[in-house]
1. Just one of the numbered conditions (1) in a loop (DSSP other than H, G, I, E, B); (2) crowded, with 23+ Cβ neighbours inside 10 Å is not true of residue 69; which one?
2. Can you name the residue in the range 93-108 that is over 14 Å from the mean Cα position of the chain (by Cα) and under 20 Å from residue 43 (Cα atoms) and, of all such residues, is surrounded by the most Cβ atoms within 10 Å (Cβ to Cβ)?
3. Is the range 174-183 home to any residue that is of a type in the set (Ser, Thr, Tyr) and over 16 Å from the mean Cα position of the chain (by Cα)?
4. Collect the residues in the range 81-92 that are open to solvent by 30 Å² or more (accessible area, probe 1.4 Å) and touching a residue at least 40 places away in the same chain (Cβ under 8 Å), keeping them in residue-number order.
5. Any residue that is without any contact (Cβ under 8 Å) to a residue 24 or more places away in the chain, part of a helix (DSSP H, G or I) and open to solvent by 60 Å² or more (accessible area, probe 1.4 Å) - is there at least one of those in the range 20-41?
6. Of everything in the range 24-43, what is under 20 Å from residue 184 (Cβ atoms) and polar (S, T, N, Q)? Give them in sequence order.
Amino acid sequence: MILDGRDPVAISQAADALRAGELVAFPTETVYGLGADAGQDDAVRGIFAAKGRPADHPLIVHVAAGAAGTAAVAHFAQPLPAFAQALAFAFWPGPLTLIVPRQHGVGAVAAGGQDTIGLRCPDHPVAQALLIACAERGVMGLAGPSANRFGRVSPTTAAHVANEFPDGLRVLDGGPCEVGIESTIVDCTRGVPVLLRPGAITRDDIERTCGQ
């Protein structure tokens, strides 16, 4: 079920569905994500089931920009090292995921049971509208891997998602994704930035920002 992501009513309905533990697909600048409330373990398990993804493969948690995002980072993560803060300041909202120490008792299923968690602030108006609406409902962040079956090509349009999950999944249409590849991932838990997955933000960008 494709919904117009520019329609405030559709955003409100999607946020209500997420708060109720349902799945909603949403656009980002990289690829479309399959979202669930990262704080509801059963909802997050629904992502793994829908995708056919192993439960020990961590999911990226998307957070809003601004004050809501600052609160979400503090909710999910322990205090960030200075270089991680510099990366977030430089590239959020944007196609950068930071792996950071996870707060105990928060987001364990989304993190695949690990003591770390991946956080990202997407640079897409529909994603941000959805994340802000979710934050207003007490949903601190959305676990959101790519909205495709495990091992298949990541979707860059709402139609791709609807074809992948034809069973009535809500899909917020935000048009084609501008970047079209998954976010850069940087591990910030080892004392220095470690590039785990290349993307639109390059190694040079990271080194220049961190001074390392």
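1. If we test residue 69 against (1) in a loop (DSSP other than H, G, I, E, B); (2) crowded, with 23+ Cβ neighbours inside 10 Å, just (1) comes out false.
2. Selected residue: 102.
3. No, the conditions are met nowhere in the range 174-183.
4. 81, 86, 90, 91
5. Just the residues of the range 20-41 that are without any contact (Cβ under 8 Å) to a residue 24 or more places away in the chain, to begin with: 20, 40.
So of that shortlist, the ones also part of a helix (DSSP H, G or I) come out as none.
No.
6. Passing the criteria: 28, 30.
The values are calculated or read from the model by the stated rules, or taken from the named source; none is laboratory data. For clarity, every value in this text was computed on a predicted model and none was experimentally measured. As a convention, Cβ positions derive from the backbone with ideal geometry for all residues, glycine included, and neighbour counts pool all protein chains shown. When the accessible area is computed, the model is the full protein with side chains, heavy atoms only, and any ligands, DNA or RNA have been set aside. Shrake-Rupley method; radii C 1.70, N 1.55, O 1.52, S 1.80 Å.
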